[in-house]
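Inspection log for the structure reproduced underneath, given as structure tokens.
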Amino acid sequence: MNIQIYGKSKCFDTKKAERYFKERGVKFQSIDLPRYGMSRGELDNVRRAVGALKPLIDEKSKDYDRSYVAWLASEEAVIEKLLEMPSVLKTPIVRNGRQATVGYCPEIWKTWE
């Protein structure tokens, strides 16, 4: 497995995801999403894996209203805004190759093992 965890340092679910993989002895790469963000290719792969763009958006984020994501007309404009303001993405985003989840999803991660 090639696990990448995109998260925020103060996110409880991100810490739980990291603990989940540590307890099982699975190596992972942890990426601080607000600091490093995601590339367009990574965001596109995650979007394809989860089936849509909406599950990736954290409507409870402090930056959600400031980002105006809810009022953007095109999906392309939303993607651009998410690349510009990664703090609006819901965390953790866990990738395993072409597979990905958003949020704490141990029931799905078990199928990856």
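Mean-square fluctuations from a GNM of the chain, with a 10 angstrom spring cutoff on Cα atoms, peak among ALA52, ALA73, ALA17 at ALA73.
Heavy-atom accessible surface of the chain, averaged per residue, reaches 60 Å², computed with a 1.4 Å probe.
Across region 47-58, coupling constants 3J(HN,Hα) worked out from phi with the 6.51/-1.76/1.60 Karplus curve, θ = phi - 60°, read 4, 5, 5, 8, x, 6, 8, 4, x, 7, 8, 9 Hz, and Gly and Pro carry x. What separates the Cα centres of region 10-78 and region 87-109 is a distance of 8 Å. Here the Gaussian network model covers the chain, with springs between Cα atoms less than 10 Å apart; of VAL78, VAL46, VAL26, VAL26 fluctuates the most. Partner aspartates and glutamates whose Cα lies under 20 Å from the Cα of LYS81, excluding those fewer than 8 positions away in the same chain, are identified as ASP32, GLU42, ASP44, ASP58, GLU59, ASP63, ASP65. Of the accessible area of the chain, computed with a 1.4 Å probe over protein heavy atoms only, carbon and sulfur atoms account for 48 percent.
Straight-line cross-link reach from LYS15 at under 16 Å between alpha-carbon atoms covers these lysines, not counting any fewer than eight positions away in the same chain: LYS27, LYS90.
Take every DSSP beta bridge whose two residues both sit in region 3-110; close to 65 percent of them are antiparallel.
The values are calculated or read from the model by the stated rules, or taken from the named source; none is laboratory data. As the structure is a prediction and not an experimental result, all values here were calculated from the model. Side chains included, ligands, DNA and RNA excluded: accessible areas come from the protein's heavy atoms. Shrake-Rupley method; radii C 1.70, N 1.55, O 1.52, S 1.80 Å.
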